[in-house]
Amino acid sequence: MTLIVQVYIAVVVIENVCVFVQSRLNMPYTVRMNVSPSVSEIRQQWSLLVSAGTGVFFSVIVLPYYSISALVVPVTEAFGWTRAEFQAAIFFSSTLGALTAPLVGWLCGRFGVRRVALPGLFGLSLGFAIASTMQGELWVLYLAYGSMALFGAGTIPVTWTAAIASSFSQQRGLALGIVLTGTGICGVLIPQYATFLVEQFGWRAAYIGIALLPVFIAWPVVYFWFKPNAGSPVQTSPSVIRDGGLTLAQALRRGKFWVLLGSIFLVYMATSGIGLNLYAAVTDAGMSNGQAATVQSIFGAAIIIGRLVVGYLIDKLWAPGVAAAVMILPVFGSMMLIDPSTFLWASLAAFLIGVAAGAELDLMSFLTARYFGLQHYAQIYAIMYMALAICSGTAPIIFAGIFDRTSSYAVSFTITTVLFVCSSLVILLMGRYPPEFKAAD
């Protein structure tokens, strides 16, 4: 089955489910009808999309996350650490990322996204370089991943999505989906790249090889093409200015803010735990490192499909309904991973979960703009990102801790099944779009 056929099937299935949900909730089917201006938007700003997508690919939220799966076994075996101790590095990194997110949001509004993003790419590379010097002290591991989060903070999604949300109005969902496919592409390529480096040159060389990527690939692309407003603080187009927006304090007083935050927390707790432990779970089930890397790549490919399909649909349909439909898919994937008896079974499970993992950032970005406006988007989104960062650091430790106690991931996958169901139900509480933040036609 080709990727195009998979995308088509996903669109048809999810769209029909969403139409059903909308009809039951008396929601309008069509959100926007004027499409041709949005096509012009994407064509005219293709360089912004490419550069922002490249930045997402080499960002601190995904590059350490997807590379660590190939490094956990060789590093823990080299120093005698437990998997929980090693994966605590992601918790340490994510905690710092959560703490710095509001500052990044403020800096984007004050100095512009470009001036925040470029130094962040250098900082991320520095963290990987530090990791290559480890000699068995856990504090060096945590220092390395903490450095990635602190000095690479300018690469978090707040930066890239703020530029996109402020530059697109007619087809903002699709534009966000295109840019955020960088996470999925990273999920496809980086596990294979890291596995190759580990097997051929060792884990130290793998860290160095990964450290070179943000500086020598991402930085030139971002420097020459990522110019949403010529480096100035984020501005909005005339259609966006009419939307206005809530301040952070006003958003915090809205029940819909906490509904969205809760749903994102539930789904990201599940996908973060699965994504980082998928490689190890597959190898523990008796599959080879190559098969495990392929399953991880399928997970990444499904993220790409989820990004694009959901990005397309939320421009047409009620976005919470799309979210509810998508979050049902990983319920089945999680149950399948409780006993991943075959490579095909594990691959299908990874695909179903990956689609949902691809949807979450699209939805968080789109719904933040759609329900709270764009005037203070970066600051509000940064708080949402804090929850996401906490989950990405906490869930892997919980997974690893359960594994250390039970020598199995079955309990963890049972828990994620429940989390996905709850997230699907909670997001439906978002209700109708606020008319005051209606995107311009």
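The values are calculated or read from the model by the stated rules, or taken from the named source; none is laboratory data. Just so we're clear, the structure is a prediction, and the values are computed from it rather than from any experiment. Every residue, glycine as well, gets a Cβ built from its backbone with ideal geometry; the counts of neighbours run over all protein chains shown.
Any residue at all in the range 138-151 that's farther than 19 Å from Gln45 by Cα, among the hydroxyl-bearing types (Ser, Thr, Tyr), touching a helix residue (DSSP H, G or I) at 6+ places or on another chain (Cβ under 7 Å) and without any contact (Cβ under 8 Å) to a residue 60 or more places away in the chain? Within the range 138-151 (the criterion being farther than 19 Å from Gln45 by Cα, among the hydroxyl-bearing types (Ser, Thr, Tyr), touching a helix residue (DSSP H, G or I) at 6+ places or on another chain (Cβ under 7 Å) and without any contact (Cβ under 8 Å) to a residue 60 or more places away in the chain), the answer is yes, since at least one residue qualifies.
For Leu317, the stated conditions do not hold, so it cannot be described as modelled with pLDDT under 90, over 18 Å from the mean Cα position of the chain (by Cα), hydrophobic (A, V, I, L, M, F, W, C) and closer than 29 Å to Phe92 by Cβ.
Every test in (1) among the small types (Gly, Ala, Ser); (2) out of contact with any helix residue (DSSP H, G or I) (no Cβ under 9 Å at 6 or more places or on another chain); (3) at pLDDT 90 or above is passed by Gly286 save one, and that test is (3). Checked against the criterion of being of a type in the set (Val, Ile, Thr), more than 20 Å from Trp46 (Cβ to Cβ) and out of contact with any Cys (no Cβ under 6 Å at 6 or more places or on another chain), the candidates Ile178, Ile164, Ile208 yield just one match: Ile208.
Is it the case, given these coordinates, that Tyr145 is of a type in the set (Phe, Trp, Tyr), over 23 Å from Trp225 (Cα atoms) and at pLDDT below 95?
Values: of a type in the set (Phe, Trp, Tyr): yes; over 23 Å from Trp225 (Cα atoms): yes; at pLDDT below 95: yes.
Judged against the criteria, Tyr145 is a match.
Against the conditions (1) under 22 Å from Glu199 (Cα atoms); (2) within 23 Å of the chain's Cα centre (by Cα); (3) of a type in the set (D, E, K, R), Glu77 satisfies every one except (2). Between residues in the range 324-345 that are closer than 16 Å to Thr294 by Cβ and residues that are of a type in the set (S, T, N, Q) and surrounded by 23 or more Cβ atoms within 10 Å (Cβ to Cβ), which pairs lie under 7 Å by C-beta distance while being six or more apart or on different chains? The qualifying pairs do not exist here.
Selection within the range 85-117: residues that are in contact with a Phe, Trp or Tyr (Cβ under 8 Å, 6 or more places away or on another chain) and aliphatic (A, V, I, L, M). The member of this set that is farthest from Trp139 (Cα to Cα) is Val113.
Report whether or not Thr82 is in contact (Cβ under 8 Å) with a residue 24 or more places away in the chain, within 24 Å of Ala395 (Cα to Cα) and among the polar types (S, T, N, Q). Considered against the rule, which asks whether it is in contact (Cβ under 8 Å) with a residue 24 or more places away in the chain, within 24 Å of Ala395 (Cα to Cα) and among the polar types (S, T, N, Q), Thr82 comes out as yes.
I'm trying to understand the selection: among the residues of the range 200-219, which are over 22 Å from Gly136 (Cβ atoms) and surrounded by fewer than 21 Cβ atoms within 10 Å (Cβ to Cβ)?
Within the range 200-219, Gln200, Leu212, Val215, Phe216, Ile217 meet the criteria.
So which residues in the range 283-308 are within 15 Å of the chain's Cα centre (by Cα) and of a type in the set (A, V, I, L, M), if there are any at all? If the condition is that a residue be within 15 Å of the chain's Cα centre (by Cα) and of a type in the set (A, V, I, L, M), then Ala301, Ala302, Ile303, Ile304, Ile305, Leu308 are the ones that fit.
To keep it simple, each residue is scored yes or no on (1) buried (at least 23 other Cβ atoms within 10 Å of the Cβ); (2) among the β-branched types (Val, Ile, Thr); (3) part of a helix (DSSP H, G or I); (4) over 20 Å from the mean Cα position of the chain (by Cα).
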| residue | (1), (2), (3), (4) |
| --- | --- |
| Ala163 | yes, no, yes, no |
| Ser169 | yes, no, no, yes |
| Ile190 | yes, yes, yes, no |
| Tyr193 | no, no, yes, no |
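Residues in the range 70-124 that are of a type in the set (Phe, Trp, Tyr) and either under 19 Å from Gly202 (Cα atoms) or touching a Leu at 6+ places or on another chain (Cβ under 8 Å) (or both): Phe79, Trp81, Phe86. Within the range 382-413, the set of residues being crowded, with 24+ Cβ neighbours inside 10 Å and among the aromatic types (Phe, Trp, Tyr) comprises Tyr385, Phe399, Tyr409, Phe413.
Yes or no, residue by residue, for (1) in contact with a Cys (Cβ under 7 Å, 6 or more places away or on another chain); (2) under 24 Å from Ala395 (Cβ atoms); (3) not in a helix (DSSP H, G or I):
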site	(1), (2), (3)
Thr283	no, yes, no
Gly286	no, no, yes
Ala292	no, yes, no
Ser297	no, yes, no
Ala302	no, yes, no
Arg307	no, yes, no
Gly311	no, no, no
Leu317	yes, no, yes
Val322	yes, yes, no
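Only one of the listed residues (Leu329, Leu352, Leu337, Leu348) is over 19 Å from the mean Cα position of the chain (by Cα) and farther than 16 Å from Ile415 by Cβ. That residue is Leu348. Looking at Val113, Val158, just one residue is more than 18 Å from the chain's Cα centre (by Cα), buried (at least 18 other Cβ atoms within 10 Å of the Cβ) and within 18 Å of Tyr377 (Cβ to Cβ), and that residue is Val113. Return a yes/no flag: does the range 211-221 have any residue that is among the small types (Gly, Ala, Ser), within 25 Å of Gly354 (Cα to Cα), in a helix (DSSP H, G or I) and at pLDDT 90 or above. There is at least one residue in the range 211-221 that is among the small types (Gly, Ala, Ser), within 25 Å of Gly354 (Cα to Cα), in a helix (DSSP H, G or I) and at pLDDT 90 or above.
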